[in-house]
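First comes the structure, then the notes that go with it.
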Amino acid sequence: MARSWKSRLATLTVIASASALVVAAPAMAAPLTTVGWSMSNPQPSITAVRYTWSFTTATTATIGAVTFTVPAGTAGTPSVVDVYGLTGGSAALSGTTVTYTVTTPTSIPSGTSVLISLDGFTNTGTTGTYTSAIAAGSDTGTSNSVTISNNSTAINVVVARSTAFTSDTTSFQMLMDPSVAALADQTRAVHLTVATNATNGYVLNVKTDQQPTGGAPARHFSAITADKSSGVASGSFTNGSFGYTLSTTGLGTGTSTPLTSGLYVGYVTGGENVVSASGPTNGDTMTITNRAKIDYTQPADNYSAKVTYTVVPSY
Amino acid sequence: MLKRAVALAAAVAVAAGPTAPAGAAPVPHPTTTGSADFSVSTSAEPVSPGTDGIVHTQLTVANNGTHPLTVKLRSVKVEPQDNGQSVLTDDADPTWTPGVTVNPSLQLAAHTYRSVPVTIKVPPSLLPDVYLLGFVAEAQPVDPDGAVRIYHRIGALVTLQLAGARQRQLKIIFTPNRFLTIASTFDGGFTVANVGDASALARSQVRLGDRLIRTSDSMALIPTGTSRYAEFHYRVHGFFLWARPQAQVNYGNGTATLQTITGHGDRLLVIPWYTLVLLGLIAATLTAYWIWLRRRRAARREAARHRPGRHRPTAAAADQTKTAWAA
């Protein structure tokens, strides 16, 4: 019996020791993966060039500095434009080595994608094909080849910030008559389409300069509700009122419960964001159905209003 | 009364096609002269002034419709909001509008576009910063006499960067999370607020467990007084996650050095269902083993009791012996 316990204890000791060795094993140098290097302009001797390096760490280690080799003759005072995977720091060029020094080094997990983008380089005047050797902690790697030559064509594709807005209606009139039921309660749909490449989408703002008003200011329609926060069902639409309901397809959605529930809300003179989208879209459609309802208490007059739909992209 | 009604009917005349009685399904209208189909584009990159202190950029306005369109352009004030959204006011911007020169009205034939030069004179008193300038392109109604005139506007934003050192001040506010989450994933978020006097271009990432998670694909502009919400998603790779998320926000101060601020969220424990199932199986196995051990010991004791020479006589047996002996 005693021999059995000794045997078990020995086995446990061996396992524990092996585990401790595995846990405490020092990080071994390993090759960086997905190593990349690019420059904004590959012409020789040109100034104000942006160099961008990217790689993926192979081991978990505290990285205090990352070094990159650049072609002999490279000059300039680099400034940091963008970094991810690491934290803030500064960059310096000495000879053929660029060093990005992390201000507060921390442990970087293996498999972390790192990007370092530096501005302010002047390309070497010697044409040729170059690679950049990268060292991050104990991990090293070599980048793809970059050719610096007069024959190189710098390709710079610039996509503008763009927003398109389509509407099928720029004005409408309603022929209303309280003596005919079909003419005393009318709707008019305005169909809108929005397309934008804005990263954070867009908002559609709706406002009016006034509720439909006749020749005398006292003669006007009332907003069916004070704003988008409250709405009325179709059957509860009251006489002498003007309002709209909203339906959307695509990424954009109504910004209040009444707007997403098909209820009628009133136009606001100060304007309200009624549709919001969180990303780019090739074409969201919105139908704003305007409605006016009268009875014999509505004075005969020419009522007019100006409604403005504004699309504002979000970047 | 009838005369009054007829007067109302005559006053509100139909100009843009028939209307539908309430309750009828809205019918899409074909494109008519009463439509607007246009777009506005601006520079993707921030613009900067030349040595003369003047910015040269352009707005590209396109009429994508099938009839001519009049588009009016003007500079307006921008009110930056959270998460990159902006509100364009109707008012001119007192800082920028006086120095903006742009063609105020364009006549665009069908399916044509025009690149409209815009010059912006930068006020010399402005400090280095990233500024948002707003422009409104407004399509004019084809029938300006309609009872209800609809104006369609596209807001265009131009980002103007004045280079130079400027101290930025950002703050990280973590969204509180539950300590214990029973799931194989964890979704969290935090807000980066600009509490300084200058706009900041920032990029954020989160350190959680053994991962560094990027929360955005590019640097985001955070104007002063606004904030951006960043979300992160973590999938547990082991049996559990016991960690405290750390947000890191990198941003520039207009110098060669990139700054970083960090903020910590609440400590969290994420246990996937498979871990709980595994623990349950282990507990069941150990319990079964324990029961088996107890039964085996009990059986051994019982067997030992009945083994010859290894048990003491019971009191009854002793009495019987005594009785026999006495007899």
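The values are calculated or read from the model by the stated rules, or taken from the named source; none is laboratory data. Keep in mind that this is a model prediction, so the values were computed, not measured. Neighbour counts are summed over all protein chains in view; Cβ atoms, including those assigned to glycine, are modelled from backbone coordinates with ideal geometry. Only protein heavy atoms, including side chains, enter the accessible area calculation; ligands, DNA and RNA are left aside. Shrake-Rupley method; radii C 1.70, N 1.55, O 1.52, S 1.80 Å.
Tally time: how many residues in the range A:256-271 are within 11 Å of chain B (Cβ to nearest Cβ) and open to solvent by less than 30 Å² (accessible area, probe 1.4 Å)?
The number of residues fulfilling the criteria is 3.
Looking at the range A:133-156, is at least one residue facing chain B (nearest Cβ under 9 Å), outside any strand (DSSP E or B) and modelled with pLDDT under 95?
no
Need at least 1 residues that are at pLDDT below 90 and either within 14 Å of chain A (Cβ to nearest Cβ) or open to solvent by 50 Å² or more (accessible area, probe 1.4 Å) (or both) per element, so show me which strands (runs of 3 or more DSSP E) inside the range B:126-189 make the cut, counting only ones lying wholly within it.
Working: elements: B:129-139, B:148-162, B:170-174, B:180-182.
Per the criteria, B:148-162.
List pairs: first residue in the range A:284-307 and within 14 Å of A:Arg219 (Cβ to Cβ) and facing chain B (nearest Cβ under 7 Å), second residue open to solvent by 30 Å² or more (accessible area, probe 1.4 Å) and of a type outside the set (Asp, Glu) anywhere in the structure, Cβ distance under 6 angstrom, at least six positions apart or on different chains.
A:Ala300/B:Arg4; A:Ala300/B:Ala7; A:Asp301/A:Gly215; A:Asp301/A:Arg219; A:Ala305/A:Gln210
From the list B:Ser86, B:Ser115, which residue is in contact (Cβ under 8 Å) with a residue 60 or more places away in the chain, open to solvent by less than 70 Å² (accessible area, probe 1.4 Å) and within 14 Å of chain A (Cβ to nearest Cβ)?
Only one candidate passes the filter, namely B:Ser86.
Before we move on, is A:Thr199 within 14 Å of chain B (Cβ to nearest Cβ), part of a loop (DSSP other than H, G, I, E, B), closer than 30 Å to B:Gln259 by Cα and open to solvent by 30 Å² or more (accessible area, probe 1.4 Å)?
So A:Thr199 passes the test.
Quick grid of which residues meet (1) among the small types (Gly, Ala, Ser); (2) over 23 Å from B:Gly65 (Cα atoms):
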| residue | (1), (2) |
| --- | --- |
| A:Asn150 | no, yes |
| A:Thr163 | no, no |
| A:Ala198 | yes, no |
| A:Tyr202 | no, no |
| A:Thr208 | no, yes |
| A:Pro217 | no, yes |
| A:Asn239 | no, yes |
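If I ask for residues that are assigned to a strand (DSSP E or B), over 30 Å from B:Asn83 (Cα atoms) and of a type in the set (S, T, N, Q), which ones from the range A:160-196 would you list? Please lay out each step first, then the result.
From the range A:160-196, those assigned to a strand (DSSP E or B) are A:161-167, A:171-172, A:185-196; that's our starting set.
Subset that is over 30 Å from B:Asn83 (Cα atoms): A:171-172, A:185-189.
Within the range A:160-196, A:Ser171, A:Gln186, A:Thr187 meet the criteria.
Name the residue that is farthest from B:Arg211 (Cα to Cα), counting only residues in the range A:64-73 that are β-branched (Val, Ile, Thr) and surrounded by 23 or more Cβ atoms within 10 Å (Cβ to Cβ).
First, the residues of the range A:64-73 that are β-branched (Val, Ile, Thr): A:66-67, A:69-70.
Now narrow it down to the ones that are surrounded by 23 or more Cβ atoms within 10 Å (Cβ to Cβ): A:66, A:70.
On the way: A:Val66: 20, A:Val70: 30 Å.
Ranking the candidates gives A:Val70 first.
Only one of B:Val206, B:Val192 is within 22 Å of the chain's Cα centre (by Cα), under 19 Å from A:Thr87 (Cα atoms) and within 12 Å of chain A (Cβ to nearest Cβ); which?
Being within 22 Å of the chain's Cα centre (by Cα), under 19 Å from A:Thr87 (Cα atoms) and within 12 Å of chain A (Cβ to nearest Cβ) holds for just one of B:Val206, B:Val192, which is B:Val206.
Looking at this structure, is A:Ser247 within 17 Å of B:Gly155 (Cβ to Cβ), within 11 Å of another protein chain (Cβ to nearest Cβ) and either of a type in the set (S, T, N, Q) or open to solvent by 60 Å² or more (accessible area, probe 1.4 Å) (or both)?
no
Determine, yes or no, whether A:Val180 is within 13 Å of chain B (Cβ to nearest Cβ), open to solvent by less than 40 Å² (accessible area, probe 1.4 Å) and hydrophobic (A, V, I, L, M, F, W, C).
When the stated conditions are applied, A:Val180 does not pass them.
Give me a count of the residues in the range B:94-123 that are over 20 Å from B:Ser43 (Cα atoms) and outside any strand (DSSP E or B).
7
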